[in-house]
Amino acid sequence: MKNIVLIGFMGVGKGSVAREVVKHSDYIAIDTDDLIESMENRKIKALFEAEGEKYFRKLERHVAKWLEKSVHNTLVSTGGGFYKQENLKKIGTIVLLDSPFDAIIKRIKEHPNAAKKLKKRPLLKNLKKAKELYNERRSGYLELADIVINVTNKNPEMCAKELLKKVKKYA
Ligand code: S3P
């Protein structure tokens, strides 16, 4: 199986969809933010606060290189800015989870752990800036994606099943 690289904006549901893909397939799932947190032994939020975004992006580059060389048969869930890695296409089939910005914010706010979800994401602190970032990134996401899944009005299981069906063509 070729790797799957799951991209999309913060809060779109990459983690939830990844967990459903694992339930319905033989893929192993890993997450670039989790890899960075374990490499650094601290949370993304703490990392941003102590070292700044530039340092975080350097770690993402390191992870991207490692993924290209070392990972197979895997679903790689990525942080919202990871799509900028230049070797992304070499890692695997790129699947975008796409959603309008307002629906993403609504999804986060309605989550039982909403406060935690907002708190752990430094770039969501200011919603006006986050919306600008979304607008800046969306065309880049679409350009890169081999497969686009519109997540609006679909639960993670539905998205995962759609993903697995569409990804077969690229295996
Ligand atoms: C970021 C998204 C976050 C995390 C970091 C930066 C971004 O991941 O990598 O806070 O630049 O969009 P999620 O997309 O999982 O929230």
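The values are calculated or read from the model by the stated rules, or taken from the named source; none is laboratory data. Model, not experiment: these values are computed from the prediction. Cβ atoms come from the backbone with ideal geometry, glycine included; neighbour counts cover every protein chain shown.
Restricting to the stretch 1-17, name every residue that is more than 10 Å from the ligand (Cβ to nearest atom), in a loop (DSSP other than H, G, I, E, B) and in contact with a Leu (Cβ under 9 Å, 6 or more places away or on another chain).
Once the filter is applied, which keeps residues that are more than 10 Å from the ligand (Cβ to nearest atom), in a loop (DSSP other than H, G, I, E, B) and in contact with a Leu (Cβ under 9 Å, 6 or more places away or on another chain), the stretch 1-17 yields only 3.
Residues being within 18 Å of the chain's Cα centre (by Cα), charged (D, E, K, R) and part of a helix (DSSP H, G or I): count how many of those fall in the stretch 39-63.
6
Please determine whether any residue of the stretch 20-30 is within 11 Å of the ligand (Cβ to nearest atom) and out of contact with any Pro (no Cβ under 6 Å at 6 or more places or on another chain). Reasoning before the result, please.
Restricting attention to the stretch 20-30, the residues satisfying the condition of being within 11 Å of the ligand (Cβ to nearest atom) are none.
Among the residues of the stretch 20-30, not one is within 11 Å of the ligand (Cβ to nearest atom) and out of contact with any Pro (no Cβ under 6 Å at 6 or more places or on another chain), which makes the answer no.
Select the helices (runs of 4 or more DSSP H) contained entirely in the stretch 91-171, then report the ones holding at least 3 residues which are within 15 Å of the ligand (Cβ to nearest atom).
Details: elements: 101-110, 114-119, 127-144, 156-167.
Answer list for the stretch 91-171: 101-110, 114-119, 127-144.
Would you please name the residue that is farthest from the ligand (Cβ to nearest atom), looking only at residues in the stretch 64-82 that are surrounded by fewer than 21 Cβ atoms within 10 Å (Cβ to Cβ), of a type outside the set (Gly, Ala, Ser) and assigned to a helix (DSSP H, G or I)? Give the derivation first.
Taking the stretch 64-82 as the starting set, the residues that turn out to be surrounded by fewer than 21 Cβ atoms within 10 Å (Cβ to Cβ) are 65-66, 68-74, 81.
Those still in the list that are of a type outside the set (Gly, Ala, Ser) too: 65-66, 68-69, 71-74.
When the remaining residues are screened for being assigned to a helix (DSSP H, G or I), the result is 65-66, 68-69.
Working: 65: 17, 66: 16, 68: 18, 69: 21 Å.
The selected residue is 69.
Failed condition for residue 20, given (1) in contact (Cβ under 8 Å) with a residue 60 or more places away in the chain; (2) assigned to a strand (DSSP E or B), with all others met?
Failing condition for residue 20: (2).
Going by the structure shown, is residue 43 among the charged types (D, E, K, R), touching an Asp or Glu at 6+ places or on another chain (Cβ under 7 Å) and within 12 Å of the ligand (Cβ to nearest atom)?
On the way: among the charged types (D, E, K, R): yes; touching an Asp or Glu at 6+ places or on another chain (Cβ under 7 Å): yes; within 12 Å of the ligand (Cβ to nearest atom): yes.
Here the answer is yes, as residue 43 does meet what is asked.
When you look at residue 137, is it at pLDDT below 95 and out of contact with any helix residue (DSSP H, G or I) (no Cβ under 6 Å at 6 or more places or on another chain), yes or no?
Values: at pLDDT below 95: no; out of contact with any helix residue (DSSP H, G or I) (no Cβ under 6 Å at 6 or more places or on another chain): yes.
It is false that residue 137 is at pLDDT below 95 and out of contact with any helix residue (DSSP H, G or I) (no Cβ under 6 Å at 6 or more places or on another chain).
Can you tell me which of (1) within 13 Å of the ligand (Cβ to nearest atom); (2) out of contact with any Gly (no Cβ under 8 Å at 6 or more places or on another chain); (3) not in a loop (DSSP other than H, G, I, E, B) is the one residue 33 doesn't meet?
Of the numbered conditions (1) within 13 Å of the ligand (Cβ to nearest atom); (2) out of contact with any Gly (no Cβ under 8 Å at 6 or more places or on another chain); (3) not in a loop (DSSP other than H, G, I, E, B), the odd one out for residue 33 is (2).
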